[in-house]
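So the structure is just underneath, and the comments pick up after that.
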Amino acid sequence: MILLDLIRDFVLLFGSLAILFLQSIYWTIHGLRTGRLGWKNLMDQMSRIGVDSFPMVAITGFSTGAVLVVQIGYQFAQLGAQRYVGGVVSMAMARELAPILTGIVVAGRIGSSIAAELGTMKITEQIDALETMATNPVDELVVPRFWGCTIMLVVLTIFTNVIGMIGGSIVAVNQIGLTMTTFVDSILQNLKIQDLMGGLFKAMVFGALIGVIGCYKGFTTEGGAEGVGKSTTGAVVLAIMFILAVNYFLTVGINNFNTAYLS
Amino acid sequence: MIIISNLCKRFGPKEVLRGINLKIYDGESLVILGPSGCGKSVLLKHIIGLLKPDEGQVLIDGEDITKFDQKRLDALRMRMGMLFQSAALFDSLTVEENIAFGLRKHTNLSDLAIHHIVSEKLEMVGLPGANHLMPSELSGGMRKRVGLARAIAMEPEIILYDEPTTGLDPIMTCAIDELHLSLKERLGVTSIVVTHDLNSAYRIGDRLALHYGGRIVAIGTKDEIINSPDPLVQQFIRGEAKGPMTLL
Ligand SMILES: Nc1ncnc2c1ncn2[C@@H]1O[C@H](COP(=O)(O)OP(=O)(O)OP(=O)(O)O)[C@@H](O)[C@H]1O
Ligand SMILES: [Mg+2]
């Protein structure tokens with residue numbers, strides 16, 4: 001019985017998220033066609049998401065790149081494979097670690113703040129007020145946040161990659177004793193454009209998930225301040241779970257795509 | 001004309017509306033009185049389509065709005081304004097942006113024209129020059145008045161007021177009542193006002209309705225209400241704790 005309930009809840013949740021996603025797409029197309037897309041709102045969201053997340057993303061990227069080089073560098077040096085360090089580290093970052101870690105950081109930082117903001121609007125009747133002014137809440141609130149998250153997660157993941165490689169190169173030169181040229185050449189020779197693109201595609205999907213889940217949790221907030229707190233933590237937990245689960249399928253899908261079309 | 005017939009609404013096990021019947025004529029101000037928690041705000045939300053009833057109809061100009069799709073509901077809402085009990089100002093926007101919201105969204109007026117309208121409305125509610133304040137910088141009564149300015153910004157034909165003067169001092173209350181009367185005279189606004197302030201109700205109401213136990217138990221002009229033999233009405237307007245009306 002409990003299992004059935006769980007399955008039912010999950011199906012309902014999945015359905016609600018899918019509906020909210022489709023509504024955002026609908027209102028985006030509607031906005032583009034009528035020329036009434038809220039560009040200013042979108043820009044505001046993008047800069048807010050970027051500014052708020054950048055410090056954490058920078059620290060995460062830098063430390064991950066540095067740690068990877070330490071872990072891999074000594075092993076490879078013992079085997080005399082120094083010239084592969086940059087390649088392996090950059091591939092691991094680009095394909096897997098940069099999108100996942102950036103996704104988790106942004107889920108914590110932005111997913112929660114979207115849920116809190118919309119949740120507060122819900123319980124203080126601001127969303128009702130929007131509706132009485134013939135304004136669709138999805139159009140007004142979800143569309144800019146959805147695209148803001150989707151676009152900025154790609155941008156932030158690029159930053160994570162770059163900063164990660166900077167962190168890695170500093171460690172490689174100072175700790176492992178590689179020259180900068182060896183490290184950089186190794187990246188350039190081994191890292192393929194499809195590694196980067198695959199990782200950025202993942203980031204795009206994670207961004208969309210964070211945006212939709214944050215908004216959904218906000219819209220379904222009930223009760224006072226306590227309800228807002230629940231939605232906020234709920235949004236983070238749900239977004240991270242979805243990111244980790246979806247990542248597996250994305251990885252398989254991207255690998256299949258690459259072997260089928262690019263090799 | 002707005003006709004509400006047999007409107008029923010429950011939240012879980014709680015029956016809030018149990019068959020509301022009301023008629024509001026064009027250009028009329030109807031005041032709804034009733035004890036706290038009886039469902040007055042819930043009733044207003046049905047009239048603007050924010051809540052869907054379990055049973056019953058809300059006819060506006062002969063059409064049942066509870067059956068409207070989003071598009072028709074939006075078209076209707078362009079003709080309506082609502083002041084929320086909590087004011088419901090958008091707290092990420094300034095006072096000016098709040099009042100200008102509908103104008104920006106639904107008209108092609110220039111920024112300057114919108115600014116003029118906003119300043120005019122702010123003056124009408126006694127808050128000239130408050131344009132650039134944030135809602136968090138306002139007192140409760142000021143928020144109410146900004147909410148009122150936002151509700152009337154598009155010059156709607158039908159306005160729903162949820163406790164427009166709660167939290168205002170007696171002088172400001174009187175000024176808001178006069179604003180209400182002048183809107184009605186100048187623009188022929190139809191309005192439904194929920195209030196707990198009897199003086200204000202007598203000043204602005206063409207008719208007064210008493211909402212109790214999920215139904216409208218009495219309705220009439222000021223004189224009819226004051227002289228009503230109904231013990232529920234008498235208890236309510238005299239504000240007596242003892243009587244047939246029990247608190248929920
Ligand atoms: N969304 C909701 N979910 C559950 N119950 C609700 C909801 N909205 C209102 N209620 C319940 O409906 C009843 C009527 O609420 P309403 O806000 O309409 O009262 P009111 O007459 O406006 O009171 P007041 O004069 O204090 O503003 C209350 O008991 C409230 O608990
Ligand atoms: Mg109320």
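Here the scattering of region B:24-99 is modelled by Debye summation over its C-alpha atoms, one equal scatterer each and no solvent; at q = 0.13 Å⁻¹ the log10 of I(q)/I(0) is -0.51. Couplings 3J(HN,Hα) for region B:38-49, derived from phi with the Karplus relation 6.51 cos²θ - 1.76 cosθ + 1.60 (θ = phi - 60°), are 7, x, 5, 5, 4, 4, 4, 5, 6, 6, 9, x Hz, where x marks Gly and Pro. Per-atom-type breakdown for region B:91-155 gives carbon and sulfur 53% of the accessible area (1.4 Å probe, protein chains only). Using only side-chain charges placed at the Cβ, +1 for Lys and Arg and -1 for Asp and Glu, the dipole size of chain A relative to its Cα centre rounds to 600 debye.
Indicate the gyration tensor shape class of region B:109-248 (rounded, prolate or oblate), computed on the Cα atoms with a ≥ b ≥ c the square roots of the eigenvalues: a/c under 1.5 is rounded; otherwise a/b larger than b/c is prolate and the rest oblate. Please list the in-between numbers first.
Values: a/c = 2.75, a/b = 2.01, b/c = 1.37.
Prolate shape, in that a/c is at least 1.5 and a/b is the bigger ratio.
Scanning residues 5 or more positions from B:Val31 or on other chains, those with amide H under 5 Å from its amide H are B:Val193, B:Asp206, B:Arg207, B:Leu208, B:Ala209, with H placed 1.01 Å from N in the peptide plane.
What shape does region B:42-143 take by its C-alpha gyration tensor, where a ≥ b ≥ c are the square roots of the eigenvalues and a/c under 1.5 counts as rounded, a/b above b/c as prolate, and the rest as oblate? Since a/c reaches 1.5 and a/b is larger than b/c, the shape of region B:42-143 is classed as prolate.
Assign one of three labels to region A:1-102, namely rounded, prolate or oblate, based on the Cα gyration tensor with a ≥ b ≥ c the square roots of its eigenvalues; rounded applies when a/c is under 1.5, prolate when it is not and a/b is larger than b/c, and oblate otherwise. Verdict is oblate for region A:1-102. Hey, which lysines would be in cross-link range of A:Lys202, C-alpha to C-alpha under 23 Å, not counting anything within fewer than 8 residues on its own chain? Cα-Cα hits under 23 Å: A:Lys192, A:Lys217.
Given 10 °C and 1.306 mPa s, compute D for the protein assembly as shown with the Stokes-Einstein relation, Rh being the Kirkwood radius over Cα pairs; round to the nearest whole µm²/s. Here the translational diffusion coefficient equals 60 µm²/s.
Amide H to amide H distances under 5 Å link B:Gly19 with B:Leu7, B:Cys8, B:Lys9, where only residues 5 or more positions off or on other chains count and H is placed in the peptide plane. Accessible area per residue for the protein assembly as shown is 47 Å², calculated with a 1.4 Å probe on protein heavy atoms, without ligands, DNA or RNA.
Ordered by 1.4 Å accessible area with all protein chains kept, A:Trp39, A:Trp27, A:Trp147 run largest first as A:Trp39, A:Trp147, A:Trp27. Cross-link reach is defined here as a Cα-Cα straight distance under 19 Å, omitting same-chain residues fewer than 8 places apart; for B:Lys52 the lysines meeting it are A:Lys122, B:Lys9, B:Lys14, B:Lys23, B:Lys40, B:Lys67, B:Lys71.
Shown in residue order for region A:8-22 are the 3J(HN,Hα) couplings computed by the Karplus curve 6.51 cos²θ - 1.76 cosθ + 1.60 at θ = phi - 60°: 4, 4, 5, 4, 4, 4, 4, x, 5, 5, 5, 5, 4, 4, 5 Hz (x for Gly and Pro). Residues in region A:187-192 carry Karplus couplings, in order, of 4, 5, 7, 9, 6, 9 Hz; the curve used is 6.51 cos²θ - 1.76 cosθ + 1.60 with θ = phi - 60°, and Gly or Pro positions show x. How many square angstrom of accessible surface are buried between A and B, both sides summed, with a 1.4 Å probe and rounding to 100? Adding both sides of the contact gives about 1700 Å². Look at the stretch B:92-101: the mean tally of other chain Cβ atoms within 10 Å of its residues' Cβ atoms is 1.
The share of C-alpha pairs in region B:91-155 whose separation exceeds 15 Å stands at 41 percent.
Got a number for carbon plus sulfur as a percent of region A:39-255's accessible area, 1.4 Å probe? Working shown, then result.
Working: 6290 of 9100 Å².
About 69 percent, which is the carbon plus sulfur part of the accessible surface.
Taking amide hydrogens as placed 1.01 Å from N in the peptide plane, the amide H of B:Tyr212 sits under 5 Å from those of B:Val217, each at least 5 positions away in sequence or on another chain.
Computed from Cα atoms alone, the Kirkwood hydrodynamic radius reported for region A:39-255 is 18.3 Å. Calculate the length of the line joining the C-alpha centroid of region A:183-244 to that of region A:1-67, in whole Å. Each part's Cα centre sits 7 Å from the other's.
Can you give the calculated 222 nm mean residue ellipticity of the protein assembly as shown, where each DSSP H run of n ≥ 4 adds -39,500 (n - 2.57) and the sum is split over every residue, rounded to the nearest 500 deg cm²/dmol?
Only helices count here, giving -20000 deg cm²/dmol.
Heavy atoms only, probe 1.4 angstrom, no DNA, RNA or ligands counted: give me B:Asp197, B:Asp162 ranked by accessible area, highest first. Before the final figure, lay out each step's value.
Numbers: B:Asp197 50, B:Asp162 5 Å².
So, going from the largest accessible area down, we get B:Asp197, B:Asp162.
The values are calculated or read from the model by the stated rules, or taken from the named source; none is laboratory data. Quick caveat, the model's predicted, so the values are computed rather than measured. Backbone-built Cβ (ideal geometry, glycine too); neighbour counts: all protein chains shown. All accessible areas refer to the heavy atoms of the entire protein, side chains included, with ligands and DNA or RNA removed. Shrake-Rupley method; radii C 1.70, N 1.55, O 1.52, S 1.80 Å.
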